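Report on the structure given below.
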Amino acid sequence: MKDQKAHPLPDAREDIDRARGLPDTPQTRSPTHKLAFADNEFLCREDLRPVRLQLELLKAQLTLEERGIRSTVVLFGGARIPAPDKAASARVPALAKLSHFYDEARAFAQLVTERSVASGNTENVIVTGGGPGVMEAGNRGALDAGGVSIGLNIVLPHEQAPNPYVTPELSFNFHYFAVRKMHFLMRAKAIVVFPGGFGTLDELFEALTLIQTRRMATVPILLFGESFWREIVNWQALARAGTISEDDLNLLRFVETADEAFAALVEAGAV
């Protein structure tokens with residue numbers, strides 16, 4: 001992050017360095033003497049949760065602004081979906097049948113990123129959750145195109161180191177799911193969703209809810225794999241029951257291939 005100092009007062013980092021040079025005394029060793037912003041124990045207190053929420057929002061926001069990234073194409077999908085060459089060792093055999101979506105995600109991200117590169121890597125930047133599976137494929141496709149991509153990782157008990165294809169300077173790590181989901185949607189020009197589990201469903205339905213309630217501008221939402229999604233969610237039953245309107249079904253479009261998805265975004269003026 002670039003230095004934003006534009007005033008004559010001491011920089012916070014300068015005071016951290018000065019504090020290291022103080023005499024070693026009972027007073028300077030006391031936790032109360034630490035500068036508040038340099039005191040990890042203090043920052044992790046329960047009372048400081050609002051500050052940590054703000055810091056998580058700001059760190060990614062300022063970094064993306066400084067990189068000039070104005071818009072993104074969001075790619076959601078399952079962490080467990082293997083690349084086709086690893087399908088034989090998938091966690092459960094059924095996942096092997098979904099492995100072709102890895103290649104489609106990679107090809108789609110490459111098509112979008114070729115358009116992004118032409119903008120100087122400021123528009124239509126691929127953003128994923130930064131993990132394995134479909135997320136890895138998205139970041140990998142962006143790298144194939146010679147562009148950049150964003151990874152919004154989150155600390156989990158298992159899984160989730162960043163995949164090696166995320167642009168290192170755009171690899172973020174989150175504690176709060178809510179702040180992470182805000183960053184997925186704040187710059188989104190389109191949302192593209194591949195088969196996945198609870199996390200993918202959560203991300204999809206949050207976006208649908210925000211658009212349906214007009215808390216977010218309408219953007220194209222593409223679902224890869226119509227047969228998968230129609231088996232998982234009975235969309236028509238929701239409309240028949242009246243819990244959503246028929247018009248709400250128009251928020252979604254099913255696609256099967258990278259070329260079809262990219263053409264849909266071009267048609268919608270999203271890329």
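Brief remarks follow.
- Its alpha carbons considered, region 24-66 gives a radius of gyration followed by a Dmax of 14.1, 43 Å.
- Selected from Asp247, Asp144, Asp17 as most flexible by GNM, with the chain as the system and alpha-carbon contacts under 10 Å: Asp17
- When you filter the GluC sites (Glu not before Pro) in region 116-190 for DSSP loop state and at most 14 other Cβ atoms inside 10 Å of their Cβ, you are left with Glu159.
- Computed from backbone phi with θ = phi - 60° and the Karplus coefficients 6.51, -1.76 and 1.60, the 3J(HN,Hα) list for region 225-237 is x, 4, 5, 4, 6, 6, 6, 6, 10, 8, 4, 5, 5 Hz; x is used for glycine and proline.
- Length-normalised contact order of region 217-271 in % [C-alpha pairs under 8 Å, at least 6 apart]: 50 percent
- Among Gly138, Gly147, Gly21, the largest mean-square fluctuation in a Gaussian network model of the chain, built with springs joining Cα atoms closer than 10 Å, belongs to Gly21.
- Nitroxide proxy distance, nm - points 7 Å out along Cα→Cβ at Thr218 and Thr32: 6.0 nm
- For region 1-111, the mean projected area of the C-alpha convex hull, equal to one quarter of the hull surface, is 13.2 nm².
- From the coordinates shown, Rg/Rh (Cα atoms, Kirkwood Rh) corresponds to which of (i) 1.06; (ii) 0.93; (iii) 0.99: (i)
- In the elastic network of the chain, a GNM with C-alpha springs shorter than 10 Å, the most mobile of Arg180, Arg29, Arg91 is Arg29.
- Segments 217-228, 107-118 sorted - mean Cβ within 10 Å per residue, highest first: 107-118, 217-228
- Each Cα pair under 8 Å and six or more residues apart adds its separation to the average, and for region 130-271 the resulting relative contact order is 18 percent.
- Averaging 1/r over each pair of different alpha-carbon atoms in region 96-247 and inverting the result gives 16.3 Å, the Kirkwood hydrodynamic radius.
Coordinate-derived values only; no laboratory data. Owing to the predicted nature of the structure, the values given are computational and were not obtained by experimental measurement. As a convention, Cβ positions derive from the backbone with ideal geometry for all residues, glycine included, and neighbour counts pool all protein chains shown.
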